[in-house]
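Peer 1: Below are the structure tokens for one structure; questions will follow.
The values are calculated or read from the model by the stated rules, or taken from the named source; none is laboratory data. Remember, predicted model here, so these are calculated numbers, not experimental data. Don't worry about glycine lacking a Cβ; one is built from the backbone with ideal geometry, like all the others, and counts go over all protein chains shown.
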Amino acid sequence: MKYAIVESGGKQYKAVEGGTIEVDRLPVEAGAKIDLERVLLVADGDNFTVGTPTVDGVQVKASVLAHFKGPKIIIFKYHPKKRYRVKGGHRQQYTRLLIEQIGKAAAKKAAKAAKAETPKKVDAETKAEKVAKAAKASAPAKAKKPAAKKTAETAKPAKSTAAKKPARAKSTKPAAAKKKTTKTAAAKKSTKSTKSTTAAKSSKASTKKTSTTSKTKKSTKK
């Protein structure tokens with residue numbers, strides 16, 4: 001007897017040619033044909049092939065017979081001495097499949113492998129072309145570097161002339177500083193003269209006050 005262990009919806013089922021299996025509901029209309037590619041084991045008489053994790057090149061062809069609901073399951077929750085009682089039910093959705101054939105799918109696998117290999121070859125060619133272009137672009141850049149050095153050498157005299165200009169400006173700065181010092185000296189002299197005049201005025205005023213006080217004292221004595 002030939003049979004296979006098939007995976008569908010995270011569960012494993014034993015598929016026998018000509019038999020039926022009930023799996024979790026599939027998004028397929030009734031009467032459609034599907035291929036189950038997740039084959040974990042194939043047994044043909046005394047020959048067994050075990051997949052790692054799946055068997056390569058083996059497919060199980062099936063047709064959808066009907067969609068139906070499973071038996072009702074009652075869920076009853078309660079907490080003792082708390083007056084808590086909840087009753088509910090559930091009916092699981094299933095799909096019945098008729099297993100038609102357990103065979104090889106080498107042609108489809110080979111086509112898929114060829115499609116997967118062609119982009120890899122194209123990617124390798126494009127990478128080689130990119131490397132060649134980068135090498136060509138780097139060679140002219142290296143040749144242009146000496147020209148850049150020459151331009152830097154020609155630009156050096158301009159920098160020297162620009163450096164000489166601030167020296168002239170520095171020579172004129174001390175003269176301006178001397179002018180400032182002379183101005184400050186004149187200001188100091190003017191402040192000293194004003195201080196001396198104010199001191200003389202204050203001394204005269206004090207002498208006048210003393211004379212007036214002496215006169216008043218003499219008059220009071222008389």
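Peer 1: What are the residues in the stretch 3-40 that are more than 44 Å from the chain's Cα centre (by Cα), surrounded by 13 or more Cβ atoms within 10 Å (Cβ to Cβ) and either under 18 Å from residue 56 (Cβ atoms) or of a type in the set (A, V, I, L, M) (or both), if any?
Peer 2: 4, 5, 15, 16, 21 - these are the residues of the stretch 3-40 that are more than 44 Å from the chain's Cα centre (by Cα), surrounded by 13 or more Cβ atoms within 10 Å (Cβ to Cβ) and either under 18 Å from residue 56 (Cβ atoms) or of a type in the set (A, V, I, L, M) (or both).
Peer 1: State whether one or more residues within the stretch 48-68 are closer than 17 Å to residue 104 by Cα, aliphatic (A, V, I, L, M) and not in a strand (DSSP E or B).
Peer 2: Yes, that holds for at least one residue.
Peer 1: I need a count of the residues in the stretch 69-78 that are in contact (Cβ under 8 Å) with a residue 24 or more places away in the chain and either part of a loop (DSSP other than H, G, I, E, B) or within 18 Å of residue 13 (Cα to Cα) (or both).
Peer 2: Going through the stretch 69-78 one residue at a time, the tally reaches 1.
Peer 1: How about the stretch 1-26: which of its residues are aromatic (Phe, Trp, Tyr) and touching a residue at least 24 places away in the same chain (Cβ under 8 Å)?
Peer 2: 3
Peer 1: Right, something else. In the stretch 79-110, what residues are outside any strand (DSSP E or B), within 20 Å of residue 7 (Cα to Cα) and small (Gly, Ala, Ser)?
Peer 2: 105, 106
Peer 1: From the list 44, 56, exactly one residue is surrounded by 10 or more Cβ atoms within 10 Å (Cβ to Cβ), modelled with pLDDT under 95 and within 48 Å of the chain's Cα centre (by Cα). Which is it?
Peer 2: Going through 44, 56 in turn, the sole match is 56.
Peer 1: Same structure, new question: Give me the pairs, please: first residue somewhere in the stretch 79-92 and in contact (Cβ under 8 Å) with a residue 60 or more places away in the chain, second residue anywhere and assigned to a strand (DSSP E or B) and of a type in the set (Asp, Glu), beta-carbon distance under 9 Å, and either six or more positions apart or on two chains.
Peer 2: 92/24
Peer 1: Sticking with this one: Which numbered condition trips up residue 26, out of (1) in a strand (DSSP E or B); (2) touching a strand residue (DSSP E or B) at 6+ places or on another chain (Cβ under 6 Å)?
Peer 2: (1)
Peer 1: To continue, here is another question. Can you find a residue in the stretch 28-47 that is over 13 Å from residue 7 (Cβ atoms) and in contact with a His (Cβ under 8 Å, 6 or more places away or on another chain)?
Peer 2: yes
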